[in-house]
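**Student:** Would you mind keeping the following structure in view while I ask a few things?
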Amino acid sequence: MNKGIQGILVAMLFGLFLCVSCEDSAADPDAEIVSEQELSNTFGDTSVPLPKLTSGAENILSNWPVFEDLRNELRTMKGTTISEIKVKTERLELYADSLMKTIPDTLSTKAIRSRLLIVNTRVNMLGQEVRKSRLDSTIIEECMFELNNAGINFINQIEAKLQKDQINQERREDEEKELEKQQRFLDSVYQAELEDQQN
């Protein structure tokens, strides 16, 4: 009797072991697919580059090093695998947060802040997607597209602001030169009148 109970217990334990190993093996193919997908599939359209900034804008932005870090990550993110995107997204999240806190006064406009907020949102959305256990390549590709567009709009807004500042500065300098020219003319007229009165 004891041997019969022992046999039944052994059979039950063996059956339980088989069920658990079946569940594990059923889960393994998904894990293999994800890791294969992470290693082989690349995302992001490499044919749409980020805009280039003028040399004047580059000089001004050199004092904002986190911007360069963010721009480099956005540049090198296209054409990468899920594993690389996960790492880059983590860095982008840090850079975007840091940029929000360190915007230089000359660039602290509503338009630039709103573009940066969109970049931040797009980075976080991509981060959520690549951290999911089941990856949807279509959604990831869409997130990459939206993030690239957000980066383009952010950089274009910075360039537009700096160009406007440069135009305003040139206009001020032209006005000052014109005022100086007029003052010199008035001074020469006044000097000529003085000389006429003395003669």
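No value in this document is a laboratory result; all are computed from the given coordinates. Since this is a predicted model, take the numbers as computed values, not measurements. Here the Cβ positions follow ideal geometry from the backbone for every residue, glycine too, while neighbour counts run over all protein chains shown.
**Student:** Using only Cα positions of segment 70-199, each an equal point scatterer, no hydration layer, compute I(q)/I(0) via Debye at q = 0.12, 0.16 Å⁻¹ and quote the log10 values to two decimals.
**Tutor:** The calculated log intensity ratios at q = 0.12, 0.16 Å⁻¹ are -0.59, -0.83.
**Student:** So for 145, 154, fewest C-beta neighbours within 10 Å to most, what's the order?
**Tutor:** Ordered by Cβ neighbours within 10 Å, fewest first: 145, 154.
**Student:** Is there a pair in 88/161; 110/161; 78/101; 88/110; 52/86; 110/164 whose C-alpha atoms are over 20 Å apart, and which pairs would that be?
**Tutor:** 88/161; 78/101; 88/110; 52/86
**Student:** Ratio of segment 122-199's C-alpha Rg to 2.2 N^0.38 Å, to two decimals?
**Tutor:** 2.59
**Student:** How many nm is it between the label spots at residue 84 and residue 173, if each spot is 7 Å from the Cα in line with the beta carbon?
**Tutor:** 4.2
**Student:** Ranking 194, 70 by Cβ neighbours within 10 Å, fewest first, what do you get?
**Tutor:** So the ranking, lowest neighbour count to highest, is 194, 70.
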